[in-house]
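So the structure is just underneath, and the comments pick up after that.
The values are calculated or read from the model by the stated rules, or taken from the named source; none is laboratory data. Computed from a predicted structure; not experimentally measured. As a convention, Cβ positions derive from the backbone with ideal geometry for all residues, glycine included, and neighbour counts pool all protein chains shown. For the accessible areas, the whole protein counts, side chains as well, though only heavy atoms, and no ligand, DNA or RNA atoms are used. Shrake-Rupley method; radii C 1.70, N 1.55, O 1.52, S 1.80 Å.
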Amino acid sequence: MKQFLVLLLVIAISISSAYSQNSKVNRYTFSGYVKDSTSGEFLLGSSVYIKEIQKGTTTNAYGFFSLTLDEGTYTIITAYIGYYEQQFALRLDKDISQNILLIPKVFVTKEVLITAKKADRNVQSTDMGKVEVDVDQIKKLPALLGEVDILKAIQLLPGVQAAGEGNSGFYVRGGGPDQNLILLDEGTVYNASHLFGFFSIFNSDAVKNITLTKGGIPAQYGGRLASVLDITMKEGNNQKFHAQGGIGYIASRLTLEGPLVKNKSSFMISARRTFVDLFLREPFIKPGSPADGNSYYFYDLNGKLNYTLSQRDRIFISGYLGRDVFNFKSRDTGFKVKIPWGNSTVSTRWNHLFSDKLFVNSSLIFSDYKFEFGASQQDFEFKIFSGIRDYTAKVDFNWFPNILHNVKFGVNYIYHRFTPTNASARSAEVVFDLGKVTRFYAHDAAVYLNDEWDITEKLRVNAGLRGTMFEHVGPFTRYVQDPSFQGKFTDTIQYAQGEKVKMYMHAEPRLSVRYTLTTTSSVKAAFTQNYQYIHLASFGSVSLPTDVWVPSTDLVKPQFGREYSIGYFRNFHDNTYETSVELYYKQMENQIEYREGATPDQDVKNNPDNNFVFGKGWSYGAEFFIKKSKGKFNGWIGYTLAYTKRKFPDLNNGETYSAKYDRRHDASLVLTYDRNAKWTFGAVWVYATGDALTLPAEKYFISAGPPVTVDANGNASLNNNFNILSGYGKRNDYRQKPFHRLDLSATLHVLKKKRWQSEWVFSVYNFYGRQNPYFIYFNVDGNSTDGTLKVQAKQVSLFSVIPSVTYNFKF
């Protein structure tokens, strides 16, 4: 609390000082919203710049801006990605509330600058490790099986690593998959993948804005150590009805949007579904064939409504529902398997303007993720299930006292309900006792204060402080484990509903500083301290739906991280080229892993955290980025040199080892070329150091019986039955072969016919057929008695050359 009061005092003094210096000058406020002139959608992150004083601001998450200036005449310049820059004169002799409408570009045949921000914002802002990704540019890039994937596009940025071949999971600056906070309209998404990681859940047709923050995370965000991926859905066109969609190799999608009340209310609804399962039934599959009764499909449904109550009030209701469903049925044995899993979120938000300087957003959010595995054969049934559910309430204020300050403060509260691995089983009328359903309950609260302050013309500071509280509460049963005997319990402790099991309270300071060297260059530095109170426990080397979320408990301490970063930013040739070099060092405490030999069944009738071990980690590296953002030909080059280490007393004999997502080199080349109104071309090339693996260092052959057997006639023979056991070396001491791949795409824009427009997207994944390693297994062949026995490691590659065609349309 003392730290909050100190920060609040500093902000108050700096603001009052700014006012006192201009007490004899009349000051007025220019405020409003930046909107799309054709759809009425608010444009978050738009730049509103004052030419005469070379200062400005950006719109907040709801498109609102506020500038308090001395009386006078100013030139206002407003810009946003994919829109023409607007410039106009403003006579400010009173408070003015005025919306700014930007015109979207349809196609540009000559070189003009269309940018997501003021051209040199990457140099002038305090942002470090923050990237705003253009959805339209993502759609120009090659995609696996034609499915545009937001998370795979994120992987092409420096400091972000793919979880594996074709996988949409990602790791940021040495952090694990659970250390990324993924938000969809402020609702937390706990599993962002379909098809066991090959596709993300985000339908690009429903998405308006994507922002990734991997360093210098501001105080309004918390709960994760590595990054924040903030995704905003479209609000819907409040002027005209529109539809768009597409038909691809594995899925089709359709998006509808339009006004409910013109200029006042709109809706958006978007659906996507795979259709592979439709070909696994008659007439494509014969009844009784091995494939009959088997299926897999996934679907996504996004929806959003908004209504303008008054000039100062607006409400939003948005939701997402996504599911994967896998079914298997054996015709021979009657064995059946059904595996459904997925996310759902609902966000209700109210925007209110207390004044031209004070904006507030109040939110109620529901988020749910569940996984289930069910198997049956005749009268026997078995189920495993897990999940996590959140109820969130938050209030966020944005205060613009003057042009030198942008202050954000707020509170939020989350009630968590965790369901780690649970199981049930029965045979006919007999129900097996596998213990009660295990659940964890927790209160998660935070309060924050953040100020972006222009101290001088060259020095800008973004300082914040976040206070957090996490409390694990009952009902809860603690199984007290015998430390000398795994799986043996010496006692149980019962906690009543609402009773405190363990509470944690911490402060999280945040600081980012920018110092301008010239009009085209600056240096920046950032410090971030985070606590993470929820954890993802994984048995595999990649994130899967079977992974379980667990809270901090009396045994599991919150993860703790500190990140230090420094960078140099420079633009060239009238901001045509943006370049940057960032160095970072990250410390991570209280990291968790399953102990050696742990299996999912050991979580049943037990506390999952009894199977955890704890350690620390650290990562450091350098990120290089070159981006061209002007003209027909643009794209970027990214390269990361990184080291990620872990040290657990109970793993690898207590010695330091490379994390499974440690990659020394990671490079990407992304290019797009708008040749003319008819053709657009895209190319992506990626290279990465091979994954770190733990493989057997040696094999042991142990006889499964006596070495010599004698039959009834007294004939002796050698026993050729052996069990083969593996002796493992050091943890993650083996490297797979380097990964590299080239993807190409070409988009044919069909000429408009009245209101209908369409395009054909042709793409080739892995153009030169690189056999990238997916996993390694050991094949045993031959016989030990005649000396022909061989144990050979073999590589499995997942994808070769994959062409695809997608048809997209709009009307």
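Assuming 0.36 nm per residue, please report the length gained on full extension of the stretch H443 to Y585 beyond their Cα-Cα distance.
Here the answer is 48.0 nm.
To the nearest 10 degrees, how steeply does helix 2-21 sit against the main Cα axis of the chain, on a 0 to 90 scale?
Helix 2-21 and the main axis of the chain meet at about 20 degrees.
Around F335, under 15 Å between beta carbons, what's the net of Lys plus Arg minus Asp minus Glu among the other residues?
Neighbourhood net charge equals +1.
If you take the charge dipole of the stretch 231-693 about its Cα centre, with +1 on Lys and Arg Cβ and -1 on Asp and Glu Cβ, which of S619, T680, A692 is farthest toward its positive end?
T680
Hey, got a sec? Which GluC sites (Glu not before Pro) in the stretch 621-708 land in a DSSP loop and have at most 16 other Cβ atoms within 10 Å?
Numbers: sites: E623, E655, E698; in loops: E655.
Those satisfying the criteria are E655.
Can you tell me the length gained on complete extension of the stretch Y687 to L101, counting 0.36 nm per residue apart and subtracting the Cα distance?
206.8 nm
What full-extension length gain, to one decimal in nm, is calculated for T456 and V276 as 0.36 nm per residue of separation minus the Cα-Cα distance?
Result: 58.8 nm gained on full extension.
Which log10 I(q)/I(0) values, to two decimals, does the stretch 465-574 give at q = 0.12, 0.20, 0.21 Å⁻¹ under the Debye formula with one point per Cα?
The calculated log intensity ratios at q = 0.12, 0.20, 0.21 Å⁻¹ are -0.69, -1.14, -1.17.
Carbon and sulfur: what percent of the chain's accessible surface (1.4 Å probe)?
After summing per-atom areas, the C and S share lands at 58 percent.
Taking the Cα centre of the stretch 231-693 as origin, sum charge times position over the Cβ atoms of Lys and Arg (+1) and Asp and Glu (-1), and report the length of that vector in debye to the nearest 20.
In total the dipole reaches around 1420 debye.
In whole Å, what three semi-axes, largest first, describe the equivalent ellipsoid of the stretch 737-811 built from its Cα gyration tensor (square root of 5 times each eigenvalue)?
49, 11, 8
Using alpha carbons only, how many angstrom separate the centre of the stretch 235-282 from the centre of the stretch 371-429?
Here the two parts' Cα centres lie 27 Å apart.
Hey, got a sec? Which chymotrypsin sites (Phe, Trp or Tyr not before Pro) in the stretch 188-281 land in a DSSP loop and have at most 15 other Cβ atoms within 10 Å?
F241, F275
What are the semi-axes of the equivalent ellipsoid of the stretch 130-230, taken as the square roots of 5 times the eigenvalues of the Cα gyration tensor, listed largest first and rounded to whole Å?
For the stretch 130-230, the semi-axes come out at 20, 15, 13 Å.
Can you work out the Karplus-derived ³J(HN,Hα) for every residue in the stretch 458-471? Use 6.51 cos²θ - 1.76 cosθ + 1.60 with θ = phi - 60°, whole Hz, and x for glycine or proline.
Per residue, the Karplus-derived 3J(HN,Hα) values read 9, 10, 10, 10, 10, 10, x, 9, 10, x, 10, 9, 9, 10 Hz.
At q = 0.13, 0.16, 0.20 Å⁻¹, what is the log10 ratio I(q)/I(0) for the stretch 428-484, with the Debye formula run over Cα points and no solvent?
Rounded to two decimals, the profile gives -0.67, -0.79, -0.92.
Simple spin-label model, 7 Å along Cα-to-Cβ: R417 to S726 in nm?
Output for this residue pair reads 4.0 nm.
List the trypsin sites (Lys or Arg not before Pro) in the stretch 28-110 that DSSP assigns to loop (not H, G, I, E or B) and whose Cβ has at most 15 other Cβ atoms within 10 Å. Which are they?
Values: sites: K35, K51, K55, R91, K94, K105, K110; in loops: K51, K94, K105, K110.
Loop-located and lightly packed - K51, K94, K105, K110.
Run down the lysines and flag those whose C-alpha is under 21 Å from the C-alpha of K678, throwing out any fewer than 8 positions away in its chain.
Partners within reach: K105, K110, K139, K140, K630, K632, K752, K753, K754, K810.
Given points 7 Å out from each Cα along the Cα-Cβ axis, report the A496 to K240 separation in nanometres with one decimal.
Placing both labels 7 Å along Cα→Cβ, they lie 6.5 nm apart.
Contact order normalised by length for the chain, with contacts defined as Cα pairs under 8 Å and 6 or more residues apart; what percent is it?
That works out to 10 percent.
Run the paramagnetic zone check for I77: 7 angstrom along Cα to Cβ, then residues of the stretch 619-660 with backbone nitrogen under 18 Å.
In the stretch 619-660, the label zone of I77 (backbone N under 18 Å from the point 7 Å along Cα→Cβ) covers 629-631.
What nm distance separates the two modelled labels at V325 and A677, each placed 7 Å from Cα along Cα→Cβ?
4.6 nm
Can you tell me, using C-alpha contacts under 8 Å and at least 6 residues apart, the relative contact order of the stretch 130-230 as a whole percent?
Computed over the stretch 130-230, the figure is 33 percent.
Would you mind getting the accessible area per residue of the stretch 554-693, heavy atoms of the protein chains only, 1.4 Å probe, in Å²?
For the stretch 554-693, the solvent-accessible area averages 42 Å² per residue.
Could you give the size of the charge dipole of the stretch 594-667 about its Cα centre, using +1 on the Cβ of each K and R and -1 on the Cβ of each D and E, expressed in debye and rounded to the nearest 20?
So the dipole magnitude of the stretch 594-667 works out to roughly 700 debye.
Among the lysines, select those whose C-alpha is under 20 Å from the C-alpha of K338, and discard any that sit fewer than 8 residues away in the same chain.
Result set, ordered by chain and number: K329, K370, K383.
Taking θ = phi - 60°, what integer Hz values does the Karplus form 6.51 cos²θ - 1.76 cosθ + 1.60 yield along the stretch 95-104, in sequence order, with x for Gly and Pro?
5, 10, 10, 8, 7, 10, 9, 9, 8, x
Largest first and to the nearest Å, give the Cα extent of the stretch 231-693 along each principal axis.
Cα extents, longest axis first: 75, 60, 51 Å.
For the pairs K130/K304; K55/K408; K214/K628; K304/K357; K500/K557; K730/K794, flag any whose C-alpha to C-alpha distance is greater than 23 Å.
With Cα atoms farther than 23 Å apart: K130/K304; K304/K357.
Could you work out the Rg to Rh ratio of the stretch 64-221, with Rh taken as the Kirkwood radius (inverse of the mean 1/r over all Cα pairs)? Could you put the intermediate results ahead of the total?
Working: Rg = 19.0 Å, Rh = 18.5 Å.
Result for the stretch 64-221 is an Rg/Rh of 1.03.
Return one whole number: the accessible area per residue of the stretch 146-226 in Å², for a 1.4 Å probe.
That works out to 14 Å² per residue.
Starting at the first residue of the stretch 526-536, write each ³J(HN,Hα) from the Karplus equation 6.51 cos²θ - 1.76 cosθ + 1.60 with θ = phi - 60°, in whole Hz, x for Gly and Pro.
Computed from phi, the couplings for the stretch 526-536 are 8, 9, 9, 10, 10, 10, 10, 9, 10, 9, 9 Hz.
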